[in-house]
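Comments concern the structure below.
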Amino acid sequence: MTKIRLFAASILFFFTLSLFSQEQQDVGGLMEIIIKAKSEKFKESVNFKKAQIFFRQSNWDSTLVYSMKEISDAKNKELIDYCHYFRGISFKEKKLFNESKKELNEISNNFQFFYKVKMKLGEITLAQNEFQNALQYFEEIEKLPNVSNYDFKKSTVLHNIGLCYLHLDKFNKAEEYLFKGAKLQEIEKDTLLLIGSYMDIANLYYNQYKDNLAIPYFEKGYQLSKKVKSFGIKKTAAMNMAVVEENRKNFPLALTYRKEYEKWKDSLNDQNKVWAIAELEKKFAIKQKQKEVNVLEAENKVKVAERNGLLFSSVLLLILFGTGVYYYRQKIRNNKIILAQKDELDKLNATKDKLFSIVSHDLRSSVNALKTSNSKLIENLETKNYTELDTQLHNNSAIANGAYNLLDNLLNWALLQTKQTYFSQESLHLATIVKHVEYNYNPLMINRNISFENRVSTTDYVFADMDSLKIIIRNILDNAIKFTKDNGKISIYTRDSDDDFCYLVIEDTGLGMSASTQEELLKKTALLSKKKNDDTIGTGLGMQLCKSMIYKNGGRLEIESEENVGTKIIIVLQKFKNHG
């Protein structure tokens, strides 16, 4: 119960922080009018004009460049204040909070929008978990006379004050301000902000174990999330409801919400992939255009050379010789390019053939198994054999889940082979990653009465790509569950080591494997292998995908297993030693 509560709290805090620290627009309204007027008044300040244009366009890098040039050259204190503000907001949007604070603190008290400076400093310190400092900034804003005359939302200030009190465990004050903010947002009909307020009010009560008060606000936030287009908000709201229902022991409904969470998560991932593909297509188009320009330039050079050859007959032979050498080198270069493209095409064709082979064989097996099972299901339904009917339904579910996992692995493997995956290694808290994966499989293990033990060290940080690490752990844990009999046991833990690597062990009491099978699985080959157990849907693609991703993360895979005893899959990853 405790673990589920803490997980819900962390989800809510992330949601609120991202929503309320960025909702206040820095361009638009009164400030935009004043900035344009200053640009017209000081026409000689070219760098300031460029800086304010890029600032209003949210082009943060260019804003930083030209505002710095203006600060270096300008003598007008008013323009310098605006440039420091531009730089402070730019650094804030780029998540460089310390640099942002430094720039904002350079602004004089006479700055016309000094209250915005205080607001931004409050948001930054809130993002850095300096709650007492953030509270002081927001309370200064709240005390301003005639708040309606200033260019910010009072509801945002009230909410952020409540948020500070919440994290300082001053729940009575937090409740007062959160409700004040929510009331204003209801009047303003600001759906996005109102969702955040409901979630934080729920979090407030949840931390005090007042579930009867918290749950209605979880439900309000969830219902409102259906009206917005943000996949991230929908995903968070669905996960909160899943946690609530798990606390109620209503696991079927919790599973429904988790499926909805996965749907919004997949939609968000698909959206990000579409954007990434569009960016790649844009870069490719630019390269193609540059190639056309290069070809035109080369053609122009040839024409100039031919014209000069007619005018200067004395150097005709030299020009012809030079032109011949040029085309010869171009031919050699083009041949090399063609050969490289042919090799790449052969690899892509091999990948395509391999994918077709998997789809034609294993999906056909899955569909055939489902067809056979459905036939038995109809027979049992006609004979009213409810015991066998229940067995067949569970069998259908297992086949469908296996086919879904196969397709998911197939997609990730295809993206990996065609180098379309986004891969970024960073410092990752291993215990947190394992816990995220564990939550998705808890209902399945509980259903099969498989005991689960998580002993992953909370001090270990690894240097890896987060998405690929989740896929690795998910596939190996899925295999452990698949090959472990009912009433078995699965353990995940880390081994002590003095070297530069972290050893994550996933141990089960399942079927185990022979030495020859272990050797086959550990071979560094791109070829897929078919598992001997034909009763289980799969191709060995999941293990192949895991190996590829582990190698790409700079790690390795080890196996310790004995037939009919169990298996230990050891994921060896690089440690991140510089974690503060």
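Sorted ascending by nearby beta carbons within 10 Å, beginning with the fewest, L557, L545, L345, L168 become L345, L168, L557, L545. Classification of segment 188-273 by its C-alpha gyration tensor yields an oblate form. The axis ratio a/c (a ≥ b ≥ c) is 1.5 or more, and b/c is at least a/b.
Legend: residue pairs K77/K118; K235/K568; K49/K116, Cα-Cα distance threshold 24 Å; pairs beyond threshold, K235/K568. Straight-line reach from K384: taking Cα to Cα under 23 Å and skipping same-chain neighbours fewer than 8 places apart, the lysines in range are K371, K376. Counted by neighbouring Cβ atoms within 10 Å, the residues I233, I506 run from fewest to most as I506, I233. Under the rule a/c < 1.5 gives rounded, and otherwise a/b versus b/c splits prolate from oblate, where does segment 24-116 land using the Cα gyration tensor? Since a/c stays below 1.5, the shape of segment 24-116 is classed as rounded.
When only the Cβ of Lys, Arg, Asp and Glu is charged (+1, +1, -1, -1), the dipole of segment 24-116 relative to its Cα centre reaches about 40 debye. Listed by chain and number, the lysines whose alpha-carbon sits under 20 Å from that of K301, ignoring those within fewer than 8 places in the same chain, are K289, K291, K331.
Checked against a 18 Å cut-off, the cross-linked pairs K143/K173; K94/K575; K92/K170; K189/K229; K153/K189; K234/K263 give Cα-Cα distances beyond that limit for K94/K575; K92/K170. In order along segment 159-171, the phi-based Karplus estimate (6.51 cos²θ - 1.76 cosθ + 1.60, θ = phi - 60°) of 3J(HN,Hα) comes to 5, 5, 4, x, 5, 4, 4, 4, 7, 8, 6, 9, 5 Hz; Gly and Pro are listed as x.
Ranked for footprinting exposure by Cβ neighbours inside 10 Å, fewest first, S225, S58 give S58, S225.
Laboratory data are not the source of any read-out in this text; all were calculated from the coordinates shown. As the structure is a computational prediction, the values presented were derived from the model and not from experiment. Cβ sites come from the backbone with ideal geometry, for glycine too, and all protein chains shown count toward neighbours.
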